[in-house]
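Visitor: Input: one structure, supplied below.
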Amino acid sequence: MFMFEKAVVGSRRYWIWLLCLLVIIGAGFLCYLRQLEYGLGITGLSRDVTWGLCIAQSTFLAGVAASAVMVVLPYYLHDYRAFGRITILGQFLAIAAVTMCMLFIFVDLGQPSRVINVLLYPTPGSIMFWDLISLGGYLLLNAVIALVTLGAERRDAAPPGWIKPVIFISIPWAMGMCTVTAFLYSGLPGRSFWLTAILAPRFLASAFSSGPALLILLCLAMRRLAKFDPGRDAIRRLGLIVTYAMLINVFFFLMEVFTAFYSRIPEHMEHFRYLFAGLEGRASLVPWMWTSLALAAVSLVLLVAPRYRNEEKVLAVACGTVFLSLWIDKGLGLIVGGFIPSPLGAVTEYAPTLPELAISLAIWAVGLLMLTVFYRIALAVRESLAAARQEV
Amino acid sequence: MRDRPIIFGGLMVFLGLATFPIWYNVAAGKTSRGPDIKLPAQEKECVAATDYMRSSHMDLLVEWREQVVRQHVRRFTAFNGRNYNISLTGTCLKQCHTSKADFCDRCHDYAGAGTPYCWDCHNEPRPAATVAHRLPQ
Amino acid sequence: MTIHRRGFLCTLALAANSSAQAPAKRWAMVIDPQKCLKDKGCTKCIEACHKTHNVPALAEARHQVKWIWKEPFGHAFPSEQGEHVREELKHQPVLVFCNHCDEPPCVRVCPTQATWKRADGIVMMDWHRCIGCRYCIAGCPYGSRSFNWVDPRPHIRQINTDFPTRAKGVVEKCTFCEERLAQGQPPACVEACPEKALVFGDLRDPQSEARKLLRARFSIRRKPELGTKPEIYYLV
């Protein structure tokens with residue numbers, strides 16, 4: 001039923017890639033065992049900066065997961081046929097991203113064996129409760145959708161009617177999931193960097209630019225590695241989506257900068273000052289943030305002009321810069337910047353330690369492993385279908 | 001059927017390994033004796049019936065935990081009408097089972113129940129003058 | 001089921017009796033920073049608290065666990081900072097700890113109710129239920145909470161066996177000595193202060209010392225504009 005038999009047939013390159021991923025996962029797992037024994041003190045976190053790389057990755061990936069909606073919505077709601085070949089890839093990306101998102105939260109818990117308490121003692125007033133519900137629900141939804149649609153495709157039949165409402169539900173669910181992730185931060189009175197109504201729209205905009213950007217890169221990679229053609233129109237339309245989303249994202253960021261610096265309220269300015277200029281001589285994130293801005297500018301130049309955007313090689317570069325820029329912004333700057341300076345005005349810097357990096361890499365490797373296996377299955381199903389059709 | 005000796009040989013080895021815990025403990029003479037626990041000398045009656053304590057003392061402790069921490073109720077009236085202050089260290093260990101090693105641990109080790117994580121945080125009371133223990137009947 | 005007249009009246013009496021009991025307390029603390037400063041290096045309250053509650057002393061500052069400590073005035077009251085603030089006030093250290101807010105953001109965000117607000121005002125911790133997600137730390141506008149990054153036991157100078165330690169991976173903070181309050185004792189810090197700079201009391205009792213102080217003198221609280229309604233008052 002899960003068509004895993006398709007994943008165990010592959011070229012030498014495929015198996016070497018899987019082996020490398022497994023080695024990375026193994027190394028990270030060992031580091032996690034050490035963390036379980038020693039405590040979270042093994043990370044670079046501190047009394048002032050209590051959330052770091054792992055939670056930031058989780059936040060970033062929640063957005064990437066939500067971006068599946070950018071292919072599902074046009075295809076299922078507006079009958080945009082060009083996306084027909086890649087909706088399954090978008091859904092598999094969503095599954096892998098949500099799994100990574102949940103894993104990143106799990107490895108960051110101080111008492112992970114008690115995580116079931118969130119379900120045993122439900123607290124509707126806590127956004128983290130809704131975060132778990134929305135992430136888990138989204139995983140389930142996409143898993144069912146992908147399984148049913150791919151299974152139907154394998155039998156060269158139309159998917160059953162009941163899957164349509166499930167797909168429709170996944171669209172607002174994705175939006176809700178991204179919004180809830182933003183609400184984790186934007187409702188905290190003591191954290192002025194996050195206490196802004198535009199945080200949720202920013203999250204949506206960065207989700208809908210980084211997610212499709214990654215999807216474009218994956219599709220182009222599939223074309224190179226597996227002779228899979230996503231379709232020129234699909235890539236172009238996705239490129240357009242990334243462009244608009246990135247423009248809106250940068251615009252929202254500039255809005256934040258204006259409010260902070262025109263109002264001159266110290267609590268609002270200080271976090272930006274730390275990220276872009278440094279505070280009290282501490283400036284470890286400054287080069288990262290300016291790189292992120294530079295990458296964003298480069299990406300916009302490449303994306304806005306159709307002459308460049310429609311050239312697939314240039315588009316690939318643009319998507320890479322978008323993804324990297326937003327990964328730095330959301331996956332590093334946003335979370336750490338919210339904690340510095342601390343509520344008592346202390347500037348305590350954060351840098352992830354080696355075990356922390358190893359664990360994070362391992363979770364990314366888990367996601368890549370899932371993507372590899374899922375894409376292999378999807379493409380193998382399509383190949384066998386095409387072969388069967390040719391015989392007929 | 002040339003493989004018969006190998007098959008049966010392998011089966012015997014497997015059976016031996018699978019039943020290792022049983023015959024090892026029998027050989028070491030551990031199963032014939034029960035856990036050699038030392039009952040409290042001072043107190044003759046427990047906070048609940050012995051059978052209940054033997055089977056469900058962990059449930060009682062969890063209930064006590066909820067009462068003290070979440071409902072801030074610190075008084076417990078036992079089945080015999082006696083009142084106790086709910087406290088693992090202050091009542092269970094200080095008043096009655098003054099040696100955790102001679103009572104709690106002995107049974108837990110015997111039953112293979114391990115060290116419950118309670119002891120990661122809760123303490124044993126500072127050793128007072130040694131109290132004479134009476135042996136089980 | 002027949003209701004007997006006597007039984008009914010008994011039930012009524014009982015209900016009336018329980019509601020006629022003393023109204024719920026509202027515990028709060030009033031601090032007089034001037035009295036606190038009399039002995040500049042004094043840390044008796046901090047030592048008493050940390051000793052009573054087995055708070056570890058960690059060498060690495062970033063892993064520090066503290067329930068009560070001194071913070072420079074400008075850090076505790078950032079909105080009162082400025083060039084022309086009274087000189088002696090500017091660098092004065094003030095005692096800070098959990099404010100036991102009336103509208104605590106930490107309670108709002110906890111996904112397991114491992115921290116909650118009691119009827120008597122204390123924001124309590126359940127270290128058995130905490131999953132160590134540290135959302136409450138993100139939610140606290142005062143930096144009152146600490147996380148156990150490592151196992152605290154090896155770092156406790158002398159374990160007070162009357163109070164449990166905590167395990168690694170849970171968040172902790174001042175609990176207004178609720179275990180001492182249950183025995184009718186004042187919080188450890190209040191008892192330890194030689195200048196009686198810390199006044200603990202029930203704000204619902206008009207005759208309590210804390211309530212009388214607040215009626216007589218002007219006091220400020222930390223970041224009240226955030227709507228948390230903190231219940232630690234600093235006399236000015």
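Visitor: If each of C:Glu209 and B:Gln71 carries a label point 7 Å out from its Cα toward its Cβ, how far apart are those two points in nm?
Guide: About 3.4 nm separates the two model spin labels.
Visitor: Of B:Lys94/C:Lys173; C:Lys44/C:Lys117; B:Lys94/C:Lys51; C:Lys90/C:Lys212; C:Lys90/C:Lys117; A:Lys164/A:Lys330, which ones are farther than 31 Å apart at the Cα?
Guide: Details: B:Lys94/C:Lys173 27 Å; C:Lys44/C:Lys117 28 Å; B:Lys94/C:Lys51 21 Å; C:Lys90/C:Lys212 27 Å; C:Lys90/C:Lys117 33 Å; A:Lys164/A:Lys330 33 Å.
The pairs that break the limit, which is 31 Å between Cα atoms, are C:Lys90/C:Lys117; A:Lys164/A:Lys330.
Visitor: Sticking with this one: Counting each DSSP H run of 4 or more residues in chain A as -39500 (n - 2.57), what helix-only mean residue ellipticity at 222 nm follows after dividing by all residues, to the nearest 500 deg cm²/dmol?
Guide: Values: 15 runs with 277 residues, N = 392.
Here the helix-only value at 222 nm equals -24000 deg cm²/dmol.
Visitor: Specify the residue with the greatest mean-square fluctuation among C:Pro33, C:Pro186, C:Pro224, computed from a Gaussian network of chain C linking alpha-carbon atoms under 10 Å apart.
Guide: C:Pro224
Visitor: Also, I was wondering about something else. How much of the DSSP bridge set in the protein assembly as shown is antiparallel, in percent, rounded to the nearest 5? Before the final figure, lay out the partial values.
Guide: Numbers: 22 of 25 bridges.
Counting only bridges with both partners in the protein assembly as shown, antiparallel ones make up about 90 percent.
Visitor: With unit charges on the beta carbon (Lys/Arg positive, Asp/Glu negative), name the residue among C:Cys42, C:Gln207, C:Ile137 whose Cα is farthest towards the positive pole of the charge dipole of chain C.
Guide: Of C:Cys42, C:Gln207, C:Ile137, it is C:Gln207.
Visitor: Kirkwood hydrodynamic radius of the protein assembly as shown from all distinct Cα pairs, in Å?
Guide: Values: mean 1/r = 0.0331 Å⁻¹.
Evaluated over the protein assembly as shown, this radius sits at 30.2 Å.
Visitor: Additional query: How far apart, in nm, are the 7 Å Cα→Cβ label points at B:Met1 and A:Phe258?
Guide: Taking the simple label geometry, B:Met1 and A:Phe258 are separated by 9.3 nm.
Visitor: Simple spin-label model, 7 Å along Cα-to-Cβ: A:Ala351 to B:Phe8 in nm?
Guide: 6.9 nm
Visitor: Tell me the volume per residue, in Å³, of the convex hull enclosing the alpha carbons of chain A. Kindly include the intermediate steps, with their values, before the conclusion.
Guide: Working: hull volume 59.5 nm³, N = 392.
Roughly 152 Å³ of hull volume per residue.
Visitor: Need one word for region B:35-137: rounded, prolate or oblate. Basis is the Cα gyration tensor (sqrt eigenvalues a ≥ b ≥ c); a/c below 1.5 gives rounded, then a/b vs b/c decides. Provide the component values of the computation, followed by the final result.
Guide: Working: a/c = 1.39, a/b = 1.25, b/c = 1.11.
Here region B:35-137 falls in the rounded category.
Visitor: Please work out the FRET efficiency for the pair A:Glu37 and B:Ala78, using the Cβ-Cβ distance as r and a Förster radius of 35 Å; give the result to the nearest 0.05. It would help to have the intermediate numbers written out before the result.
Guide: Working: r = 40 Å, r/R0 = 1.14.
Calculated value: 0.30.
Visitor: Among A:Met175, A:Tyr262, A:Ser67, flag the residue with its Cα farthest along the positive direction of the charge dipole of chain A, charges on Cβ as +1 for Lys/Arg and -1 for Asp/Glu.
Guide: Ranked along the dipole, the leading option is A:Ser67.
Visitor: Could I ask something else about it? Which residue, C:Gly169, C:Gly139, C:Gly184, tops the fluctuation ranking in a GNM of chain C built on C-alpha contacts under 10 Å?
Guide: Among C:Gly169, C:Gly139, C:Gly184, the largest mean-square fluctuation in the Gaussian network model of chain C belongs to C:Gly184.
Visitor: Now a separate question. Using only alpha carbon pairs under 8 Å that are at least six residues apart, calculate the relative contact order of chain C and give it in whole percent. Don't skip to the end; give the middle numbers.
Guide: Values: 394 pairs, mean separation 71.1, N = 236.
30 percent.
Visitor: Which one, A:Gly110, A:Tyr121, A:Pro165, projects farthest toward the positive side of the charge dipole computed for region A:60-168 from Cβ point charges (K/R +1, D/E -1)?
Guide: So the residue we want is A:Pro165.
Visitor: Let me ask something else. Might you report the magnitude of the Cβ-based charge dipole of region C:23-235 about its Cα centre, with Lys and Arg at +1 and Asp and Glu at -1, to the nearest 20 debye?
Guide: 160 debye
Visitor: Let me ask something else about it. Which aspartates and glutamates, if any, have their Cα less than 20 Å from the Cα of C:Lys70, not counting same-chain residues under 8 positions apart?
Guide: Here the aspartates and glutamates satisfying the reach criterion relative to C:Lys70 are A:Asp48, C:Asp32, C:Asp39, C:Glu47, C:Glu60, C:Glu80, C:Glu87, C:Glu88, C:Glu172, C:Glu191, C:Glu195, C:Glu231.
Visitor: To continue, here is another question. Can you work out the PRE-style zone for C:Lys44? Point 7 Å along Cα to Cβ, and I want the residues of region C:189-222 with backbone N under 14 Å.
Guide: Only C:189-199 pass the distance filter.
Visitor: Right, here's the next one. Could you tell me whether region C:33-81 comes out rounded, prolate or oblate from its Cα gyration tensor? Rule is a ≥ b ≥ c as square roots of the eigenvalues, rounded for a/c under 1.5, then prolate if a/b exceeds b/c, otherwise oblate. Don't skip to the end; give the middle numbers.
Guide: On the way: a/c = 2.53, a/b = 1.35, b/c = 1.88.
Taking the square roots of the gyration eigenvalues as a ≥ b ≥ c, region C:33-81 is oblate.
Visitor: Another question, then. With chain C treated as a Gaussian network of Cα nodes joined by springs under 10 Å, which of C:Ala61, C:Ala192, C:Ala76 yields the largest mean-square fluctuation?
Guide: C:Ala61
Visitor: Out of every Cα pair in region A:268-392, what percent are spaced more than 19 Å from each other? Spell out each step's value before the answer.
Guide: On the way: 5168 of 7750 pairs.
I get 67 percent for the Cα pairs in region A:268-392 exceeding 19 Å.
Visitor: Between rounded, prolate and oblate, where does region C:23-235 land on the alpha carbon gyration tensor, with a ≥ b ≥ c its root eigenvalues, rounded for a/c under 1.5, else prolate if a/b exceeds b/c?
Guide: rounded
Visitor: Now for a separate question. So how strong a dipole does the protein assembly as shown carry about its Cα centre when Lys and Arg Cβ are +1 and Asp and Glu Cβ are -1, to the nearest 20 debye? Don't skip to the answer; put the middle values down first.
Guide: Values: 82 positive and 59 negative charges, 112 e Å.
That gives the protein assembly as shown a dipole magnitude of about 540 debye.
Every number here is computed from the coordinates shown, using simple stated rules; none is lab data. Every value quoted in this text rests on a predicted model; they were computed, and no experiment measured them. Methodologically, a virtual Cβ is constructed for each residue, glycine included, from the backbone with ideal geometry; neighbour enumeration extends over all protein chains shown.
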